[in-house]
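First the structure, in the form of structure tokens, and then the observations on it.
Only the coordinates and a few stated rules stand behind these numbers; no lab work does. If you're wondering where the values come from, they're calculated on a predicted model, not measured in any experiment. Cβ sites come from the backbone with ideal geometry, for glycine too, and all protein chains shown count toward neighbours.
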Ligand SMILES: Nc1ncnc2c1ncn2[C@@H]1O[C@H](COP(=O)(O)OP(=O)(O)OP(=O)(O)O)[C@@H](O)[C@H]1O
Ligand SMILES: [Mg+2]
């Protein structure tokens, strides 16, 4: 299958097992959301997909090829863009420098020719608010602006799969709408494949085609969002 396939992945920190055989598919062109309360293993799953954690067993494959032994940087070069939880920007660098750093890091390797001002302009079209903040240190951006910059940083590398870990966490409602519009645009207009982790159920169900709910390291529910009953998530997601 083209896209991402996670098959029966088990992950532990030392002796503490956190994921107990998780399987998940993100077909090319789809938008899949993983939901679940705090500490159930959502970030662990994404870090395993991104190549930052190694599973004890099971596999992650991308466009039909196994990613076993493929490191995080190499996965990024294969087209896996990752926006980690929290404010994943360099606070001392300006907005522009934050974007340049990732463009240069990618560009030095395989894709020098394809990364140009045009790519940057296309990404900034999605985040007009950032264009007036290009020379501001990222540490002085609001939470919502920093989140937009973190997403823009992943996009300037031209990913084929965008992985987002709780993009609405700690973000004020007006900015949540902007982030939702951006994700919807990436999916609908550009057809980008997206894997989203969210605890904000309504946001996730509005955006995603399919969902999976994690609980204590296991997938306990999956389905089409069009057939999902939002109230059924209350119990699965309650703290
Ligand atoms: N580096 C680590 N070392 C040891 N245990 C960890 C580590 N990171 C996470 N854990 C534990 O693994 C479990 C899953 O954590 P994880 O961060 O994947 O959950 P999560 O679903 O992303 O939570 P949240 O919604 O709070 O972000 C938790 O019990 C957590 O305490
Ligand atoms: Mg997390």
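Any chance you could check the Cα centroid distance between the range 221-238 and the range 169-208 for me, in angstrom? So the separation of the two Cα centres works out to 17 Å. Sorted ascending by nearby beta carbons within 10 Å, beginning with the fewest, 126, 224 become 224, 126. Under 8 Å for C-alpha pairs, at least 6 residues apart: give me the relative contact order for the range 1-114, rounded to a whole percent. It comes to 24 percent, rounded to a whole number. Applying 1/(1 + (r/R0)^6) with R0 = 45 Å to the Cβ-Cβ distance of residue 2 and residue 132 gives a FRET efficiency near 0.70. For the pair residue 216 and residue 57, a Förster radius of 22 Å applied to the C-beta separation gives a FRET efficiency near 0.75, rounded to the nearest 0.05. In whole percents, the pair-distance distribution calculated for the chain from its alpha-carbon pairs, binned every 5 Å from zero, is 1, 6, 14, 18, 20, 17, 12, 7, 3, 0.
The alpha carbon centroids of the range 68-88 and the range 115-161 are separated by 17 Å. Packing around the peptides 227-233, 74-80, 60-66, taken as the average count of other Cβ atoms within 10 Å per residue, puts them in this order, highest first: 74-80, 60-66, 227-233. Against the main long axis of the alpha-carbon atoms of the chain, helix 143-155 sits at an angle near 90°. When you restrict to C-alpha pairs under 8 Å that are six or more residues apart and normalise by the size of the chain, the relative contact order lands at 29 percent. Per-residue ellipticity at 222 nm from helix content only, as computed over the chain with -39500 (n - 2.57) for each DSSP H run of at least four residues, stands at -10000 deg cm²/dmol.
Taken over the Cα atoms of the range 163-227, the convex hull encloses 89 Å³ per residue.
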